[in-house]
Amino acid sequence: MRNIIPICLYLLCGIANGQDFDVVLAHGRLMDPASSLDAIRYVGIRGTKIEAISESPLAGRMVLDVAGLVVAPGFIDLHSHGQTPENYRFKAKDGVTTALEMEVGVSPVPEWYRAREGRALINFGASAGHLPARMAAMHDSGGLLPRDAAKGPATPQQRRETYELVRRGLDDGALGIGMGIAYVPLATRAEILDLFRLAAGRKTAVYVHMRNGGPVEPGVIDALQEVIADAAVTGASLHVVHITSMGLRETGLCLDMIRGARSRGLDVTTEMYPYTAGMTDIGSAIFDEGWQGRQGGIGFGDLQWALTGERLTAETFARYRRQGGMVAIHSIPEEVVRLAIADPMVMIASDGILEQGKGHPRAAGTYARVLGRYVREQNALTLMDALRKMTVMPADRLGMPDKGRIAVGADADITVFDPARVIDRATFENPAQYSEGIQYVLVNGTLVVKSGEFVEGVAPGLPVRR
Ligand SMILES: [Zn+2]
């Protein structure tokens, strides 16, 4: 009995002041790129929303002392192929609160969302994918990416079916249209243009892995010209994925082209991951005849088999290509990574996927690597600029005013990290290693990481739809 009276008084007091917060983050260094606020603040969370930002203390049922740590909007990954419980754990430990499959996309859309609803650690969503739609229409035997039929030209009937599936995906709430033109090299310019027109009609964006990369024509310049022209003539918004792995040494020119398009009023954005290697399926069209030149003049030894970490030879390349599987492509010069990461126009996105611990380290380490390696160690960009590329820029690309911000009324997706310690641990040899220094992660107001450890048995991730 003795304890009841003080507790009641405390609760009444809290309610009277509107301070019955579920969670309070106390004494943290709030960094919100949307408002440019960088100051010590208290953040009050009630339910799934941020309800107070205050210079003076707030009362709450759970008060977390985050002194010395940065309180930032949860990171939004526009390019996350890994959409499983395994992947969501790595994302959360890297500070990501929303992981979206925008490049390849999905089809059919409702089943994909239904499989994750109520079970996800972090928020999830996807575009309506041209690749999976085309694979269905053409009965391709591939998995994430086409392996056979869909690499070829489509009949008029197959093209109509593909278009219909993408259109239906948008009706079902998909976040835009995803495209991987390089994986379906015989998809015609007209087939692609049709989908830009569809996106424009729905006032949404196309997220595209371009038709070609690298310096050898037809290369990245032609490919970028194609999609910028399609955006210009249809009015669709355009997001060009992983500009560094497509641009290679032409990345600077690509960024100038995108800047030029934007300065003439086109809605064109882009993204990168902070690594000097890409990764894709060795059985895909990326490795059709002439891949060495298209990848900027690399050889077999620049390919690394994800399952074993071994570098390839002509013999192992031929064998694995028949078999299929993920291979890292060491093709992106470090100075290209540094150029793009310092460009205020370029967002951060991982392009990651892990399957039973195997894959590219970007799936686990992208965000902590930018904050630790490129901000703290190399001073390649400021901490606020890095956070902007991970939060409000992708939120604005998606047209989501309640995400990517620490503001009253915004979704309580929050990442709290130690700027002196944050760093990636994932490597090409052992990619399944959690990042360090991400101390607290809240998804829709629920803690999923607390004091650097997982909170088990929670699934607060919500579907993100249009
Ligand atoms: Zn891609």
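The values are calculated or read from the model by the stated rules, or taken from the named source; none is laboratory data. Treat the numbers as computed from the prediction; the structure is a model and nothing was measured. Because the Cβ atoms are built from the backbone with ideal geometry, glycine has one as well, and the counts that use them run over all protein chains shown. Keep in mind that these areas ignore ligands, DNA and RNA; they rest on the heavy atoms of the full protein, side chains included. Shrake-Rupley method; radii C 1.70, N 1.55, O 1.52, S 1.80 Å.
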**Item:** Among (1) crowded, with 24+ Cβ neighbours inside 10 Å; (2) touching a residue at least 60 places away in the same chain (Cβ under 8 Å) - the single one ALA182 does not satisfy
**Value:** (1)
**Asked** Of all residues in region 396-425, how many are touching a Lys or Arg at 6+ places or on another chain (Cβ under 8 Å) and crowded, with 22+ Cβ neighbours inside 10 Å?
**Response** 6
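Among the residues of region 352-366, is any of a type in the set (Asp, Glu), within 26 Å of PRO185 (Cα to Cα) and surrounded by fewer than 23 Cβ atoms within 10 Å (Cβ to Cβ)?
Taking region 352-366 first, the residues of a type in the set (Asp, Glu) are 355.
Within this subset, residues satisfying the condition of being within 26 Å of PRO185 (Cα to Cα) are none.
No, region 352-366 contains no residue that is of a type in the set (Asp, Glu), within 26 Å of PRO185 (Cα to Cα) and surrounded by fewer than 23 Cβ atoms within 10 Å (Cβ to Cβ).
Can you find, within region 163-179, the residue that is surrounded by the most Cβ atoms within 10 Å (Cβ to Cβ) among those that are more than 16 Å from the ligand (Cβ to nearest atom) and not in a helix (DSSP H, G or I)? Walk me through how you get there before you give the answer.
Let us first name the residues in region 163-179 that are more than 16 Å from the ligand (Cβ to nearest atom), namely 163-175.
From the residues that got through so far, the ones that are not in a helix (DSSP H, G or I) too are 172-175.
Numbers: ASP172: 18, GLY173: 16, ALA174: 30, LEU175: 27.
The selected residue is ALA174.
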**Prompt:** Which of (1) farther than 28 Å from ALA92 by Cβ; (2) more than 15 Å from the ligand (Cβ to nearest atom) is the odd one out, the single condition ARG294 does not satisfy?
**Reply:** (2)
**Tabulated pairs, region 276-288, first free of Cβ contacts under 8 Å to residues at least 12 places away in the same chain, second open to solvent by 10 Å² or more (accessible area, probe 1.4 Å) and within 10 Å of the ligand (Cβ to nearest atom), C-beta under 7 angstrom, 6+ apart or interchain** = none
